[in-house]
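To keep things clear, I will list the structure first and then write my remarks on it.
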Amino acid sequence: MAYKAKYKGYKHFENHCYAIDFPAYSDEVSKFYNAVISLETLRVYNAFNTKMQKYSKKVDIVYHTTIALKNIKALTVNTVKEIKERGFEEAPTEQSSLPHFVLQLLRQHLTILFFDIQELSKASIDSPTSIEDFYLLDLNLPKAQINEIVKVEIETEKAEKPTTKEKLSFGFKGTEAKLKSPSLH
């Protein structure tokens, strides 16, 4: 009940502003973790987007954006530390363990979330972080491990196929008068 009340205002989720090549999942368990991580980062992105629409002053937007970016960066740094401690620096393959896959996937989704949040508030940010600075300075990763992120084109109206409304038929062949119930006078 509380969940429905909390997310009642959401009509639909906005997609991420950026995309990155994610490790391919190889079984149902990794597919599950992929779904959980991707949907949770999408939820956080949309919650932040909704929150930012409530603020009109630049100082509020900068404050909340700075806090969000610091928190996401801290999570990403901790994920990178865990990856290094476990020796999972290489991209996962089908033979990789589940923790290897999940940690790499989490790092990449957190990276996308960081740049999504930054993109939402780009008009209010004086010095945005570049992808190179994020990897090299914040995550202390070598240049070879920088994953390219690509700005996603947002689909606008689909003008290719005009939509026509089809009349639904439930198989009734009679007249409208037969559908009316007799009056009880």
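What follows draws every value from the coordinates through simple rules; no lab data is involved. From a predicted model like this one, the values you see are computed outputs, not experimental measurements. Please note: Cβ atoms are built from the backbone with ideal geometry, for glycine as well, and neighbour counts cover all protein chains shown.
Would you mind getting me the FRET efficiency between residue 49 and residue 137? Use the beta-carbon distance for r and R0 = 30 Å, nearest 0.05.
Numbers: r = 27 Å, r/R0 = 0.89.
The computed FRET efficiency comes out at 0.65.
What FRET efficiency comes out for residue 39 versus residue 145 if R0 is 35 angstrom and r is the Cβ-Cβ distance? Round to the nearest 0.05. All intermediate terms of the calculation are to be shown ahead of the outcome.
On the way: r = 26 Å, r/R0 = 0.73.
Efficiency, rounded to the nearest 0.05: 0.85.
For the charge dipole of segment 14-151, defined by +1 on Lys and Arg C-beta atoms and -1 on Asp and Glu C-beta atoms about the Cα centroid, which residue among 18, 59, 145 has the Cα displaced farthest towards the positive pole?
Most positive-ward Cα: 59.
In percent, how large is the relative contact order of segment 1-143, given Cα pairs closer than 8 Å and 6 or more residues apart? Can you show the working numbers first?
Numbers: 110 pairs, mean separation 50.0, N = 143.
With pairs under 8 Å counted, the relative contact order is 35 percent.
At 0.36 nm per residue, and after removing the present C-alpha to C-alpha distance, how many nm does the segment from residue 93 to residue 26 gain when stretched out fully? Walk me through the numbers before you get to the answer.
Numbers: separation 67, 0.36 × 67 = 24.12 nm, distance 0.85 nm.
In short, 23.3 nm is gained.
For a 27 Å ceiling on Cα separation, which of these pairs sit above it: 84/143; 31/73; 54/143; 58/143; 54/81; 51/81? Display every interim value, and only then the final one.
Values: 84/143 16 Å; 31/73 25 Å; 54/143 38 Å; 58/143 34 Å; 54/81 35 Å; 51/81 30 Å.
Those over the limit are 54/143; 58/143; 54/81; 51/81.
Please work out, to two decimal places, the log10 of the ratio I(q)/I(0) at q = 0.09, 0.13, 0.14 Å⁻¹ from a Debye calculation in which every Cα of segment 14-151 carries one identical scatterer.
-0.27, -0.56, -0.65
Please state, rounded to one decimal and in Å, the Kirkwood hydrodynamic radius that segment 92-131 gives when every pair of distinct Cα atoms enters the mean of 1/r.
Values: mean 1/r = 0.0847 Å⁻¹.
Every distinct Cα pair counted, the radius reaches 11.8 Å.
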